[in-house]
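> Here you go, one structure.
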Amino acid sequence: MSAPVEVSVEPTPAEPSRHHCAPAHPSAAGSSEGAPGPETREALRPHAEQAFAAELTALAAQDDRPRPARWKLSPWAVATYLLGGTLPDGTVITPKYVGPRRIVEVAVTTLATDRALLLLGVPGTAKTWVSEHLAAAVSGDSTLLVQGTAGTPEEAIRYGWNYARLLAHGPSRDALVPSPVMRAMAQGMTARVEELTRIPADVQDTLITILSEKTLPIPELGEEVQAVGGFNLIATANDRDRGVNDLSSALRRRFNTVVLPLPESPEAEVDIVSRRVEQIGRSLDLPAVPDGIDEIRRVVTVFRELRGGVTADGRTKLKSPSGTLSTAEAISVVTGGLALAAHFGDGVLRAGDIAAGILGAVVRDPAADRVVWQEYLETVIRERDGWKDFYRACREVSA
Amino acid sequence: MAGDEVTGSRGPGAGPLLLGVRHHGPGSARAVRAALEAARPRAVLIEGPPEADALIPLALDKGMRPPVALLAHAVDEPGRSAFWPLAAFSPEWVALRWALEHDVPARFIDLPAVHTLAWQRDDENAPAVEGEAETGDERPSGEGVGADVRVDPLAVLAGTAGHDDPERWWEDVVEHRGRGAADPFAPFLALEEAMGALREAYGSGGHERDLVREAHMRLKIRAAHREFGDGVAVVCGAWHVPALRRKATVAADRALLKGLPKVKADLTWVPWTHRRLSRAGGYGAGIDSPGWYAHLFDAPDRPVERWLTKVAGLMREEDRIVSPAHVIEAVRLAETLAAMRGRPLPGLSETTDAVRAVLGDGSDVPLALVHDRLVVGDVLGEVPETAPAVPLQRDLARLQRRLRLKPEALERELELDLRGETDAARSGLLHRLRLLGVDWGEPAASRGGTGTFRETWRLRWEPELSVRVAEAGIWGTTVLAAANARAEADAVGAQTLAEVTGLAEHCLLAGLSDALPVVMRVLADRAALDADVGHLAQALPALVRSLRYGDVRGTDTGALAGVAAGLAERVFVGLPPACAALDADAAEAMRRHVDAVHTAVGLLGDTPAAGHDDLRPRWHTVLRVLAERDTAPGVIRGRVVRLLLDDGAIEQDRAARLMGLALSPGTPPPDAAAWIEGFVGGGGGGMLLVHDERLLGLVDAWLTGVPAEAFTDVLPLLRRTFSAYEPGVRRTLGELVRRGPGQGGGAAGALAAGTPGFGPGLDRERADAVVPVLRLLLGLDEAATADGAVKDQVAGAKPSSAARPATGAATPMPLSFGSTGAAADGAARDGRTGAAA
């Protein structure tokens, strides 16, 4: 299982710039989170290929393995870029994704076999993060992005028209506004589609021809855009939302699917939660609350146990509630508890502060989930040493 | 086959052809076959117990189908045993078959099992039967694959080569090598060299006994050399090859073998399964993926394509849509992955990754199926009937002698008194055999006393039971071990919770304390995942019963008590929500569950388990919740109040209040009638009414308030409730009702002024006013007759019919009739208050 090294923020599709890979800013070399270049100094968050330009350059320089057409790096180097490592010349590549090696290998290999890649996972499993870094490492550009929403039109995937030109000069290539996917096809780059399952089914299906025939016809002009070598597509989707606009099996067949798992070890998850909680607390200007690591550990334990359907010691099986109980939700439970402790409590994060949050996260379906929760409370928590306060707090809020 | 050329490439010095293999390695097996074909030896020596030489010809028998295992066991103690499992892809098996097919003598050359079994006995750290079997098994199969912690030769080699997984390294370097290599002996030479370097560095690697075994092998090879000359091939674990090559004097080898301990041992073939070859199977032959290996060995060419096609076939059987295009993409992905990981051929991990990403939509669920059905596989071996008897039969015979239970074809009954040691052992044996499917004894209803220490069996030995015993041999070498193994397997495979509880009960009866933890774990898991409170409630009584049985037999039931208490907790949590929205039948079933759980909790409360010491108060809390929950059916609410009252967990006042609520005019009459059924139904309910006139008054008041049109609906329910009472109770109730609220025949002074539902006193004036009309209507003076009839009627079912004398329509009506009479009852009911007044 994985732990996203960074908790990702949706990248805003910015002005695509074509020179991210060039070592334009030597000052940034050597520091992995390098200072952003001047043209993006105002950006809240630089693109992967900008932030890690130094690493990409070092990898490219020392990469002597065969590269597929128009790839900036060989598949091995891409895997190293994501998983981290030390290059022969001593350059340290920071791990971008902490998780099973297998996942990254399958993902990179998929891109190399010209099959499209579908990254699935519950929210907070670094799908977007992985897709951005894959695109940055393979094509040197992670900005050919289609943001999937319920209102995404076909033009966002195929092409649109500049109507002023269309009216003035009639249909021509000049009047055509290419989509990121079309640009990626023409230039042999990696396109990205975020939240694929949120896109309406009829719009999704425009991808079928693109992925199987590798061509995008423009009937208005009697032309077509054929993908050149190096074109590929990475889509992300939330597998809990699969029902939203389930992929047709024809489209599904064009993808190799990789499921990004939740963090494997409790320690990793506690680490992610506490780090993220601290960040959020700072940005919300919550009054400082002393270290609540014990309560965080408890929240993570409860979430992991209910999610996995088995207690941490592996001895007792449990029913799982209907909610996802992802790491992201654990973060929000702890943040809520912190706010409660800071504003209404004695400033120390206690069991009572998180109990209500946990209950809210676990009991999504008032009938079935409540039974699951009560059972868990009575058969597991009640007997656990040192959890008496937590048990009492939970009893209070569930009563 | 150019013999000269072969001799030339045979390696350092002439002498026996040493073929070092990895046990259960398909690549090794193929290489061994190629090498044997090329060398055409005049004798084949194989690492294995030499006592099994006599059994070798059976390998060619038509009835023999691998996987099978050579089983050595001590004659006096069948529990002491060792296994040498052989699959179709085991190099040893291949060598054996090759020798038999080419009429070449084959021999086993390892240290005789008489010594290895004796070693086991001397090892004090092998107390359990299973443990011993494992140690015995590790020896033939363990060291080649590097299962040993002391020194793992392959891990060292793989580490040197920069691989972190020794198994995969071995597969890449040896097993997956392209077939048809020019020189069939080259791999063996390379391997021998590597192992030689390792042995130089590590010596025996902590396996001191290996030196003795190798000495024995050397002696046997020397003997074979004298007999057959140079044309001798030896198939053994790669680890041993350098030692066998080493020159050692006969005297030194003999000295090593001197004074070894000995036990009397016997060998036979037993059927084996792929599941047991895998590590998950318990005996641990040391391979994770026997199905995959078998595939590698069997596939004539393109193993990856064939494998993925097989996977696709399996998925289609399971109704997943998998097209040939999927398979093509999976093959491409697997091959690219292998290239990326620097492997010569896609291995199991690459194909698995490809199956997950392409065929399985990234999910692990279909993968688990593939692993279970294909990677491990369900292959079951067979051995010919001519194979010597399995030790289980011997063990059974021994037990039969010791317990003086002769197998007889004639049916006879056997009474056992479990307080006696012999009888208890007999009962245990019969129960264990039943678990193993050997139905020698059938439990029969006990004639004498009903105590738990008595058992009656009907014994009859049918000839086919011998076959069953032979079949059961796969489970173990003694009846006890086999029954334990079987119970564990049954528990894991059980479908329903009730099956597992039944099994737990059986385990206790059969005294299978080893299997009990597994059964308990499965039980706890099942209970945790079972969402149906009914199932849980059904399982609980059986479990509690088992607890009591365990007490009788002195079994340790701590774990059982813990599981039972956990089960009870789950019932507590699940019961209130489960009692909503039930129809009459479901409500009645649930009421029975509540009763059963109540009894079970009562018993459980006497055996406190850790952390569950307050079960009874908690159960009472649940009951209280139910009692006040309007969504629960009346019959359950009534019953719950009654249970609480019986336990003294609520006061009479409160019970009366709850009853008042349930019987208040707003409640639909059928519901209220159901409440009454739950409350006073069953034994003792009548006495409750007899002794608490307030409750009786409530019932009476409600009944008189039931509207005529609803009365016919509630009548059957009430009749069912009251007809279950003892005649005496019915009579007393009737008298009480006739007498009216809390007083005997007209003794107005004694009237309890506070009795609810009744006026404070008798209004004689009004009563007298009715009397003439009554006499007129009835046309007779024998009021006594009417009274008698009324009394019976009331006791029978309906206090309301006591109203009859008021109107005089009370020609005694038999209560057995249904609604026709009831309509009259309803009409008559209105006069009731008058009678009471």
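Rule-based calculations on the coordinates, nothing more; no lab input. Just so you know, these numbers come straight off a predicted model, no measurement behind them. Because the Cβ atoms are built from the backbone with ideal geometry, glycine has one as well, and the counts that use them run over all protein chains shown.
> In whole Hz, what ³J(HN,Hα) sequence does the range B:763-769 give by Karplus (6.51, -1.76, 1.60; θ = phi - 60°), x for Gly and Pro?
For the range B:763-769, the Karplus curve yields 8, 4, 4, 5, 5, 4, 4 Hz.
> State, to one decimal in nm, how far the label point of B:GLU193 lies from the label point of A:THR215, with both points 7 Å from Cα in the Cβ direction.
In this crude spin-label approximation the distance works out to 5.6 nm.
> Using +1 at the C-beta of Lys and Arg and -1 at the C-beta of Asp and Glu, which of B:VAL370, B:ALA445, B:ALA472 has the Cα lying farthest in the positive direction of the dipole of the range B:357-487?
Positive-end residue among those listed: B:ALA445.
> List the residues whose amide H sits under 5 Å from the amide H of A:VAL98, counting only those 5 or more places along or on another chain, with H placed 1.01 Å from N in the peptide plane.
Residues meeting the amide H criterion: A:ALA3, A:VAL5.
> Mind checking which lysines have their C-alpha under 23 Å from A:LYS388, skipping anything on the same chain fewer than 8 residues away?
A:LYS317, A:LYS319
> Compute, for chain A, the length of the dipole vector about the Cα centre, with Cβ point charges of +1 (Lys, Arg) and -1 (Asp, Glu) only. Units Debye, rounded to 20. Walk me through the intermediate numbers first.
Values: 42 positive and 51 negative charges, 143 e Å.
With only Lys, Arg, Asp and Glu charged at Cβ, the dipole is about 680 debye.
> Among residues other than B:ILE56 whose Cβ falls under 13 Å from its Cβ, what is the net charge (Lys/Arg +1, Asp/Glu -1)?
Numbers: positive: B:ARG97, B:ARG107; negative: B:GLU51, B:ASP53, B:ASP61, B:GLU92, B:GLU101, B:ASP103.
Once positives and negatives cancel, what remains is -4.
> Next question. Mind checking which lysines have their C-alpha under 26 Å from A:LYS214, skipping anything on the same chain fewer than 8 residues away?
Reachable lysines: A:LYS72, A:LYS127.
> For a quick check, take a GNM of chain A with Cα springs below 10 Å and name the residue from A:GLY345, A:GLY222, A:GLY124 with the largest mean-square fluctuation.
With Cα springs under 10 Å in chain A, the top fluctuation among A:GLY345, A:GLY222, A:GLY124 is at A:GLY222.
> Would you tally the net charge around A:ASP89, using a Cβ to Cβ cut-off of less than 14 Å, leaving A:ASP89 out, and scoring K and R as +1, D and E as -1?
On the way: positive: none; negative: A:GLU55, A:ASP63, A:ASP64.
Charge balance in the 14 Å sphere: -3.
> A further question follows. If the elastic network links every pair of Cα atoms under 10 Å, which of A:LEU166, A:LEU338, A:LEU262 fluctuates the most in the Gaussian network model of chain A?
A:LEU166
> Working out 0.36 nm times the residue gap between B:GLU442 and B:GLU709, then minus their Cα-Cα distance, what length gain in nm do you get to one decimal?
Working: separation 267, 0.36 × 267 = 96.12 nm, distance 5.61 nm.
The span from B:GLU442 to B:GLU709 would gain 90.5 nm if fully extended.
> Just tell me how shielded B:352-365 is by partners: mean number of partner chain Cβ atoms within 10 Å of each residue's Cβ, no decimals. Don't jump to the answer; show the numbers that get you there.
Values: counts 1, 7, 4, 0, 7, 14, 7, 1, 2, 11, 13, 4, 2, 0.
Rounded to a whole number, the mean comes out at 5.
> Peptides B:331-341, B:50-60: what's the order by average Cβ count within 10 Å, highest mean first? Before the final figure, lay out the partial values.
Numbers: B:331-341: 21.7, B:50-60: 17.0.
Most protected by this proxy first, the peptides run B:331-341, B:50-60.
> Still on this model: Binning every alpha carbon pair distance of chain A at 20 Å from zero, what are the percents per bin?
Result, from short to long distances: 25, 49, 24, 2 percent.
> Among A:ASP89, A:ASP205, A:ASP365, which one moves the most in a GNM of chain A with springs linking Cα atoms closer than 10 Å?
It is A:ASP89.
> Enumerate the lysines that B:LYS247 could reach by cross-link, defined here as Cα to Cα under 25 Å, with residues fewer than 8 away along the same chain left out.
B:LYS220, B:LYS258
> Calculated FRET efficiency, A:VAL348 and A:ALA168, Cβ-Cβ r, R0 60 Å, to nearest 0.05? Each step should come with its number before you reach the end.
Details: r = 69 Å, r/R0 = 1.15.
With R0 = 60 Å, the Cβ-Cβ based efficiency is 0.30.
> Give me the number: length gained by fully extending B:GLU421 to B:GLU471, i.e. 0.36 nm times residue separation minus the C-alpha to C-alpha distance, one decimal in nm.
Working: separation 50, 0.36 × 50 = 18.00 nm, distance 2.93 nm.
Net length gain for the segment: 15.1 nm.
> May I pose another question? Please report the spacing between the Cα centers of the range B:296-338 and the range A:339-367 in Å, no decimals.
Each part's Cα centre sits 50 Å from the other's.
> Ignore the peptide's own chain and count Cβ atoms of other chains within 10 Å of each Cβ in B:326-333; give me the average, rounded.
Values: counts 1, 0, 0, 7, 1, 0, 6, 7.
Rounded to a whole number, the mean comes out at 3.
> Given labels modelled 7 Å from the Cα in the Cβ direction, how far is it in nm from B:THR599 to B:ASP372?
Going by the 7 Å Cα→Cβ label model, 3.6 nm.
> Further question: Would you work out the charge dipole size for the range B:262-382 about its Cα centre, treating the Cβ of every Lys and Arg as +1 and the Cβ of every Asp and Glu as -1, and quote it to the nearest 20 debye?
Values: 15 positive and 17 negative charges, 94 e Å.
My answer is approximately 460 debye.
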